[in-house]
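Asker: The structure under discussion is supplied below as structure tokens; questions concerning it will follow.
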Amino acid sequence: MLKIAVMIKQVPDSQDISIDPVTKTLNRSMARNVVNPPDVNATEAAVQLKDRYGGEITVITMGPPMADSALLQLMGMGADNGVLVTDRVFAGADTWPTAFTLASVADYLGGFDVILCGEETTDSSTGHVGPGIAEFMGYEQATYVHKVEYENGFFVVVRDIEGAEETIKIGKPAVITITLNANDPRNPTLKRKIAAYKKGVKLVTNKELQLDPACIGLKGSPTIVKDMKTVPDPVKNPSKPGIEELDKIVSVLIERGIVK
Amino acid sequence: MIKNRCATPPANVEIYKDLWIWLEQNDGELSRISLEMAGIGRKLADKYNEKLVGILLADENGERMAQEAIEYGVDRVIFVKNQVYRHYRTRPYADAIASLIVEKKPNYFVIGATHNGRDLASRIAVRVNTGITADCTEIDIDPSKKLLEARRPAFGGAILANILCSRHRPQMASARPGIFKPVDRVVGRKGEIERVENSIKEEDVVTKLLQIVTREEVDITTADVVVCGGMGLGKKEGFKILEDLANELGGIVAASRPTVDAGWITRDRQVGQTGKTVHPKLYIAVGVSGAIQHIAGMKSSEYIISINKDAAAPIVKYSDVALIGDAYEIVPRFIESIRKGKQALREGRASSAKK
Ligand SMILES: Cc1cc2nc3c(=O)[nH]c(=O)nc-3n(C[C@H](O)[C@H](O)[C@H](O)COP(=O)(O)OP(=O)(O)OC[C@H]3O[C@@H](n4cnc5c(N)ncnc54)[C@H](O)[C@@H]3O)c2cc1C
Ligand SMILES: Nc1ncnc2c1ncn2[C@@H]1O[C@H](COP(=O)(O)O)[C@@H](O)[C@H]1O
């Protein structure tokens, strides 16, 4: 029996994000919300662990109330419980208070044998939240993992590093972060989805956690954004020659000294 | 108790000094990223009169690596020697480095954002209650307040955020690999090596390395011509025709992430947010849709040709030339045209030489 948590985040679909040509600001109003893709792989990894070794899966997200739809979707894939951590005081957090709040929730829920995360999010892409949670919890950790096995109280995982793939054995409890496409996530089933809607998600606010408001959210964030500039999209107006015009392209490449 | 944690800033930030970098090593060899960090570190240290300190955890090979780091611009290496540090493992590394930070109080700490670097940096930042800017692509120091200004792209590079960590120390950043350049090695350059004792024993470490399979790495970042294949190739064998195209152009084959994840090609060739950043003279994207995470890694290429069935694929609007059609039809014809062009060039040269 493994007590498994998966930390997941709802993010704007990165394909829908653009720079507004007039205001030069990030336009995310058109963006649909999706579960951060590697978090879906982390959930699949959790379901596979449960299938093989038995256990209970809780998917957890810190975010706005509408993020419950993400939890329900993953419960449809096979997670048993959903926990939505939501409170104004958690807003604006950088990685330190994000990891702190999520670790406090994991602690509040009695701790886990393993907490799975995605390798990184598409919106903040730091990959720092998982190891941060591990540090707050005092857990072992393994990042960039695409294969997890559980043997005699240890996790054996395969992780990617630059220039190599390593297999390591880590202790329990642990935080393991899963790479995008580490596995092939199953689709939610209708039956499970209906059950998920019936069951609903558990709400956790700071009433339950009792964290010092000075230490969480924007106030508890050591980093501050000094300024932000939008980088103009290097959008071009390409020529679209037909296949019979390839020779012309080659002459351009010759002019540019590329073909020589 | 987790409950009582708070990232309370230190009272006296003025006593924090020096610029630290992590000297990542693998099995007794300094990683390429360590030289890159020494490069940016040296620049900042010269510009703002800082001392550049490299943190090295290694076995007996550390002596040689410490000297090498000094030759690449580091002023002083703090070398913690122990067999346990032969391979990177989160806990023993984080424990040793966090206690060095508490003892020596560095003002800045920059770590290369490799997988191990990110794994380590985030753990340390939480331990010592400071902030960290992840994956920055520009680093500078505001000289008046001695603040680290770390710029990082978000949303696939659509915005660039300048992030400060003004009240906490050390001011930490992880830096994207392949962006910062090493300085030239000066053989025999002198520096200090401070050797620190550590009595950790292998029995104390829970994590064990069971197996490591290394890959021969190719460097796609320095090629003048990059030919990148995507899922549109439909199969692993599709990369063969790209190999021919790349050979014809004296270039190198690269790939989008899902083709790597599918095992069609090795990870060292991946372009993008979670892969490499390239800026060749010519980038040819074949069967690549141009997702924001892909564009992040190639948009500063000088000239971009895309080959895609779909005229509405996002890659098209980033291209100088968009060839709309089937890759298997276009690529062989393209190769032919290049051969013809080269032939004509040679004949042209030959005839002008005769004159
Ligand atoms: C956290 C995270 C990190 C990521 N990091 C990266 C990264 O570093 N690099 C990266 O590349 N991606 C990355 N991605 C994935 C990215 O979002 C896209 O999924 C990916 O880039 C798409 O790859 P593709 O263009 O090869 O495939 P697809 O999007 O499937 O596109 C295939 C294209 O081929 C075209 N096509 C099909 N058949 C043919 C044919 N016969 N001839 C010509 N064209 C054809 C299609 O029209 C289509 O445009 C990341 C995603 C996440 C969530
Ligand atoms: N707000 C959040 N709620 C739950 N999990 C999160 C949250 N933010 C980040 N995570 C987890 O941490 C991973 C890495 O996120 P990041 O450090 O933001 O790149 C994600 O893939 C999630 O698993």
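The values are calculated or read from the model by the stated rules, or taken from the named source; none is laboratory data. On a predicted model such as this, the values are computed, not experimentally measured, just so you know. A quick note on method: Cβ atoms are made from the backbone with ideal geometry, for glycine too, and the neighbour counts reach across all protein chains shown. When the accessible area is computed, the model is the full protein with side chains, heavy atoms only, and any ligands, DNA or RNA have been set aside. Shrake-Rupley method; radii C 1.70, N 1.55, O 1.52, S 1.80 Å.
Asker: So, for the protein assembly as shown, what is the accessible surface per residue at a probe of 1.4 Å, expressed in square angstrom?
Answerer: Values: 25570 Å² over 615 residues.
Accessible surface, normalised per residue, equals 42 Å².
Asker: Between the range B:215-239 and the range A:112-186, how many Å separate their Cα centres?
Answerer: 27 Å
Asker: If we restrict to alpha carbons, what Rg and Dmax does the range A:1-134 come to, in Å?
Answerer: Spelled out, the Cα radius of gyration and Dmax of the range A:1-134 are 15.3, 55 Å.
Asker: Among the Cys residues of the protein assembly as shown, which have no other cysteine Cβ under 4.7 angstrom away?
Answerer: A:Cys117, B:Cys136, B:Cys165, B:Cys228
Asker: Further question: Hey, can you grab everything whose amide H is under 5 Å from the amide H of A:Leu203? Only 5+ residues off in sequence or another chain; H modelled, so Pro and N-termini drop out.
Answerer: When sequence neighbours closer than 5 places are left aside, the close amide H contacts are A:Leu84.
Asker: Taking K and R as +1 and D and E as -1, what net charge do the other residues with C-beta under 12 Å from the C-beta of B:Asn308 add up to?
Answerer: +1
Asker: Further, regarding this structure: Between the range A:29-98 and the range B:19-57, what's the alpha-carbon centroid distance in Å?
Answerer: Between the Cα centres of the range A:29-98 and the range B:19-57 lies a distance of 38 Å.
Asker: Same structure again: Antiparallel versus total DSSP beta bridges in chain A: what percent is that, nearest 5?
Answerer: For chain A, the DSSP antiparallel bridge percentage is about 40.
Asker: Okay, helix-only estimate at 222 nm for chain A: each DSSP H run of n ≥ 4 adds -39500 (n - 2.57), divide by all residues, round to 500 deg cm²/dmol; what do you get? All intermediate terms of the calculation are to be shown ahead of the outcome.
Answerer: Numbers: 7 runs with 74 residues, N = 260.
Estimated from H runs of four or more residues: -8500 deg cm²/dmol.
Asker: Label B:Glu197 and A:Asp51 with points 7 Å out from Cα along Cα→Cβ: what is the distance between them in nm?
Answerer: Calculated label separation equals 5.4 nm.
Asker: For a quick check: with amide H placed at 1.01 Å from N, whose amide H comes under 5 Å from A:Lys9's, ignoring anything fewer than 5 positions away on the same chain?
Answerer: It is A:Asn36, by chain and number.
Asker: Report for chain B the percent antiparallel among DSSP-assigned beta bridges with both residues inside it, nearest 5. Kindly include the intermediate steps, with their values, before the conclusion.
Answerer: On the way: 12 of 58 bridges.
Bridges in chain B are about 20 percent antiparallel.
Asker: Which is the longest stretch in chain B that no exposed loop site breaks, taking sites as GluC sites (Glu not before Pro) with a DSSP loop state and at most 14 other Cβ atoms within 10 Å?
Answerer: B:61-196
Asker: Please give the average number of partner chain Cβ atoms lying within 10 Å of the Cβ of each residue in B:286-299, rounded to a whole number.
Answerer: Shielding by partners across B:286-299 averages 2.
Asker: Trypsin sites (Lys or Arg not before Pro) within the range B:1-43: which are DSSP loop residues with at most 16 other Cβ atoms inside 10 Å?
Answerer: Taking the range B:1-43 and a limit of 16 other Cβ atoms within 10 Å, the loop trypsin sites (Lys or Arg not before Pro) found are B:Lys17.
Asker: Under the rule of -39500 (n - 2.57) per DSSP H run of 4 or more residues, summed and divided by the residues of chain B, what mean residue ellipticity at 222 nm is obtained, to the nearest 500 deg cm²/dmol?
Answerer: After summing the helix terms and dividing by residue count, I get -9000 deg cm²/dmol.
Asker: Quantify how strongly other chains surround peptide A:172-180 by giving the mean number of their Cβ atoms within 10 Å of each of its Cβ atoms.
Answerer: Taking the mean over all residues of the peptide, I get 2.
Asker: Still on this structure, I have one more. Per residue of B:310-319, count partner chain C-beta atoms within 10 Å of its C-beta, then hand back the mean as an integer.
Answerer: That works out to 3 on average.
Asker: Sticking with this structure for a sec: Please figure out what share of the DSSP beta bridges in the range A:1-117 is antiparallel and state it in percent, rounded to the nearest 5.
Answerer: Rounded to the nearest five, the antiparallel share is 25 percent.
Asker: If you take every residue apart from B:Leu282 with its C-beta less than 10 Å away from the C-beta of B:Leu282, what net charge results, scoring Lys and Arg +1 and Asp and Glu -1?
Answerer: -1
Asker: Using the Cα gyration tensor of the protein assembly as shown, with a ≥ b ≥ c the square roots of its eigenvalues, what is the shape: rounded (a/c below 1.5), prolate (a/b larger than b/c) or oblate (neither)?
Answerer: Oblate.
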